[in-house]
Amino acid sequence: MNVALTPLFITRFKALKLVALFTTALFSLFTPLSTLSNDFSLHHFSQAETQETWRQVVSHPSRDNFFYISNAKNQLLTFNADNSQLSTKLLLDINNTQQLTAAISQKKKLTAYTLHPNFALKEQVGFATFYTAHTENVNKLSKTQRLYDGKSKKSVYKEDAVITEWQLNLTNLTQVNINSQREILRINIPKNHSGIHQLTFSPFIKPWNDNFGLLYIALNAANIAEPSSLYTGVVLRINPTKLGGRSFSVPSNNPFISNSSIHDAIFLLGAQQIKQIIWPDKNTEKLLISHHYQPQQLTDAYSSSSQWLSYARGGEDWRAKIPKQALFKNEHQDIKHIVVYQGKNVPSLRGKLTVLLNTPEQWQIASLPNLLSGVITEPLSEPIIEWEITHQAAANETVSLITNSQDEITFINHETGQFFQLLQHNVASTEQPSSNTNGVIFFIILLALFGTAVWFYYRNVILKKNSVKALVHSQFAKITLDKSKQYLQLFKRHEKVCEKSIALNHLKTCQVFLGDNCIVHISRMPMQGFSNSNETDVRELFKREHTEKMIDHRVRRICVLLTDIEDEQYTVCLYLRKGNDRITKKSYFQVIDELMDWCWLIANAIASNKTGVRDERQAMTEEEIALSQHKAHDATPLHKQAAAIRPATHTEQFELEHSTSLSEQDKITPAPIEKPTTVNNQPNNESSNAAVDAELVNALEKLVTLQKQGFLNPEEFNKAKEKLLKDLINER
């Protein structure tokens, strides 16, 4: 379930983060320098026979030192490193599954595989389930859902990349249940394309989250002329669970689902040659993409492209614009594998990005900071070299760096079958000498002072900065049209000079928000305009909102979000009310009328083909008139309202007891008691009856209020109520 974080929560989190950073800095002052030692070693703990070079090694999520291995024979093997036997066991041969269809003699190439997040959890959906990706010739008899080149609905190329779901035999988890084979997806690919490079699930999303079990698919760019978006180096995101007659489904929150020119399954595109996808932190769904990338040009020649590490949230298009949040960029260094280390054996690497570098002389283990804030001024050019591998693998051998079930780093030589674990030595004990007692006390005092300062700063600065009034001051507050009627002028609160001008023909979208809900969406592409029915529906929404009572500091906000063709966004807060305090100047219905005018103007400017002709504005209904009169009547003091009632209910007594001179009577002119508005009594006129009923209820409520406040006694109250009902019957 996606949870929206409030500004108050975010500010509190920032304050706590400041305390944590300060604590870490002070703690480092009292930490012996030996804890920063990079005295590493690779401990050899197992050896397996390798008849064919291994391609991919994955650790079992819960069994220590148990691994799944794919090799050059397109087989999937298992290996128990704790077993004294050196041999691996065959789990699956992709070319001998006994379930091949018409193309039984063709050769398949296994390119990737992954385990379901619930692979090790018994009695859970996904238990003992894994997924493979392979390439094969196009099988025209297959009814599996396909992804094609561009808008084509048929296979343009002669090969398919196929994703298949498998499940282990539940009575013998060392074997695959062949009958569980189910094709998920086919992607038509050009000849000599490497196919799907990686299949992966987020390791941090839990089963109760909405995005749990979504499969991420890395498909590299194709070396073809003018490739469609599918062949520019994409990450696809699908739900592999079977849904009705479909073998998979596309999540409704995929970023390009409303873009007709880009396939719904695409999560990001333009990454070119994707090498690895990881999630750098459990507290965010942001991806870190390791890829070879060359701006403005797609190429399969790695020598002409650079190694990049780029953060992505989804929805990025790197075909024309380079990644905005690039952690690393280098033309000469090549990152083979990257992991986020959270184990215990190597303290100096904990929390960092641990990478495996390949140089002409040797393999190297290096580290990079895990920058999750997204505030990156420029990509880093050099990682920190932590350890040089001299004896365990030659520079020309295939190796990999993974984490096991205990989050410890495992180094694997794919050609010799050797398994190593990375260790760090000479790590100082956590016990502090007695001479450091004064330092610890000083640290505690500093921490207490700093915490107090942060608390006062949070209360007096941050809370005020994120208050409702501060929100209004931080956004635009007014929209006007310039003299040429071609530009929108945006003003800040209480400012008379325009701060931003936007050409109408440069607008991309216009969205109107009532609170956090988007109630109007006008866009250039895909074209979406505005109509009279839209205006009627929107006005009805605003009327319903106006009937809600503003209690418990409830906030009512109307704002407009403008996006230009450069994807720059501008928020204009037209109306803001918190409880009984209206922050903005204009009244609610005045803002609504002006807002409708802006919607029609912008819709005609950017989506004229989808925008109709606006009807003439209708006159105010009786209900709206009654509402405005009720508002004016509320402003009359209660003693004057009571004075207006008494002469109508006690005529004779009033004339005797209150006979005063004309001059004295002129001093007080009481406002007459409001009666239900007279309307045209046409048959079946529901709106007129509703207005009269509303006014009757309001008048009765006022009588009750006057009695409770002591301005009317029970006799006066009953007579006033009888007269009110009698007048209503006569008028109807």
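Read-outs throughout are calculated quantities, based only on the coordinates presented, and are distinct from any laboratory measurement. Values in this document were obtained by computation on a predicted structure and should not be read as measured data. Heads up, the Cβs are rebuilt from the backbone with ideal geometry, glycines too, and the neighbour counts pull from every protein chain shown.
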At what distance in nm do the modelled label points of residue 208 and residue 608 sit from each other, each positioned 7 Å from its Cα along Cα→Cβ?
5.5 nm
Based on the Cβ-Cβ distance from residue 569 to residue 473, what FRET efficiency comes out when R0 is 22 Å, to the nearest 0.05?
0.80
21 Å Cα-Cα threshold exceeded, pairs from 73/122; 485/585; 73/242; 107/336; 275/329; 191/242:
73/122; 485/585; 73/242; 107/336; 191/242
Express in nm, to one decimal, how much length is gained between residue 173 and residue 322 on full extension, taking 0.36 nm for each residue of separation and deducting their alpha carbon distance.
49.1 nm
D for segment 476-610, whole µm²/s, Stokes-Einstein with Kirkwood Rh over alpha-carbon pairs at 20 °C and 1.002 mPa s: what number?
139 µm²/s
Expressed in nm to one decimal, what extension gain is obtained for the pair residue 332 and residue 361 from 0.36 nm per residue of sequence separation less their Cα-Cα distance?
9.1 nm
I need 335, 163, 205 ordered by Cβ neighbour count within 10 Å, fewest first.
205, 335, 163
Give me 596, 525 ranked fewest to most by other Cβ atoms within 10 Å of their Cβ, as a rough exposure proxy.
525, 596
Between the residues 528, 486, 515, the Cα farthest towards the positive end of the dipole of segment 476-610, that dipole coming from +1 and -1 charges on the beta-carbon of Lys, Arg, Asp and Glu, is from 515
Between residue 123 and residue 715, how high is the FRET efficiency from 1/(1 + (r/R0)^6) when r is the Cβ-Cβ distance and R₀ = 45 Å? Nearest 0.05.
0.05
Report the gain in length on full extension from residue 281 to residue 371: 0.36 nm times residue separation, minus Cα-Cα distance, nm rounded to one decimal.
31.4 nm
For 62, 474, what's the fewest-to-most ordering of other Cβ within 10 Å of each Cβ?
62, 474
